[in-house]
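Notes for the one structure printed next.
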Amino acid sequence: MRLQKALAEAGIASRRKAEELITSGQIKVNGVVITELGFKVKDTDEIFFNDELVVREDKVYLLLNKPTGYVSTVSDEKGRKTVLDLINPEDVKERIYPVGRLDSDTAGLIILTNDGDLTYSLTHPKHEVEKEYLARVKGIVVRNKAKEIKNGVVIDDNYLAVPKEVRIVELDKEFQTTLLSITLTEGKNREVRKIFEAAGHPVINLTRVRIANLTTEGVGRGYYRRLKIHEIKYLKNL
């Protein structure tokens, strides 16, 4: 197995990041620094990252329904609660990390894993993995306005954000708000909020309800479950 793949499978980093670790001289195999990307390792070889032995762990795949107030990182320099604080250490012994990000003030689905290859597949724009959100926004969004948003909204000064789908779910005329479903195939920072802000309808609350074929069904807010074999296969074949 190529060294960068072994590092990715061990949960050290994505394969692309593992390549950077190798070329920068941070990886040793059997005590020897390896900088060759094509280097192959056997199961009996000992791999070291920053002089610490890399343990090749079993793969873990969790689907978490994140509440607001948690950051999607392994640790936080500001001392805020992270998504890993929601995982019972008795359930998962392996070192896992979130795939992509959900803002602290956004709730909903996020995958946690130690599979670097899957992380790369789910986060690289070329795979166009669908992510669906429910957004409660200020104001009444009429059908023509929803169509305009679907056709594209300029955010970050000159970037044209084009959702795959925008659908009105509910109009609340009493409180002058609209609930919409919006589906994206990319994951730019706070993109959904920026889209609706630019369209004149700031987001009140936001929840990610679907990643590819995974939904919140059976996963309550603040809870998680392991992915099933057929779900993992589906994600790997995207």
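The values are calculated or read from the model by the stated rules, or taken from the named source; none is laboratory data. Since we're looking at a predicted model, the values are computed, not measured. When we count neighbours, we look across all protein chains shown, and the Cβ atoms used for this are built from the backbone with ideal geometry, even at glycine. In case anyone asks, the SASA skips ligands and DNA or RNA and just uses the protein heavy atoms, side chains included. Shrake-Rupley method; radii C 1.70, N 1.55, O 1.52, S 1.80 Å.
Within the stretch 87-118, the set of residues being open to solvent by 20 Å² or more (accessible area, probe 1.4 Å) and either at positive phi or of a type in the set (S, T, N, Q) (or both) comprises 88, 100, 104. Restricting attention to the stretch 154-201, the residues being aliphatic (A, V, I, L, M), open to solvent by 40 Å² or more (accessible area, probe 1.4 Å) and either within 26 Å of residue 126 (Cα to Cα) or touching a helix residue (DSSP H, G or I) at 6+ places or on another chain (Cβ under 8 Å) (or both) number 5.
Just one residue in the set 147, 126 is surrounded by fewer than 17 Cβ atoms within 10 Å (Cβ to Cβ) and farther than 19 Å from residue 197 by Cβ; that residue is 126. If the condition is being out of contact with any helix residue (DSSP H, G or I) (no Cβ under 8 Å at 6 or more places or on another chain) and open to solvent by 20 Å² or more (accessible area, probe 1.4 Å), then the stretch 202-222 contributes 204, 205, 207, 209, 210, 215, 216, 217, 218, 220, 221.
Scanning the stretch 170-193 for residues that are without any contact (Cβ under 8 Å) to a residue 40 or more places away in the chain and farther than 26 Å from residue 224 by Cα yields 170, 171, 172, 173, 174, 175, 176.
Would you tally the residues in the stretch 79-117 being without any contact (Cβ under 8 Å) to a residue 40 or more places away in the chain and over 22 Å from residue 187 (Cβ atoms)? Please lay out each step first, then the result.
Quick first cut of the stretch 79-117, residues without any contact (Cβ under 8 Å) to a residue 40 or more places away in the chain only: 79-85, 88-93, 98-99, 104.
Within this subset, residues satisfying the condition of being over 22 Å from residue 187 (Cβ atoms) are 79, 85, 88-93.
The number of residues fulfilling the criteria is 8.
Condition check for residue 187 on (1) under 18 Å from residue 102 (Cβ atoms); (2) in contact with an Asp or Glu (Cβ under 9 Å, 6 or more places away or on another chain); (3) modelled with pLDDT under 95; (4) not aromatic (Phe, Trp, Tyr): one failure, at (2). The C-beta contact set for the stretch 51-70 (first residue free of Cβ contacts under 8 Å to residues at least 12 places away in the same chain, second residue assigned to a loop (DSSP other than H, G, I, E, B), distance under 9 angstrom, 6+ apart or interchain) comprises 53/46.
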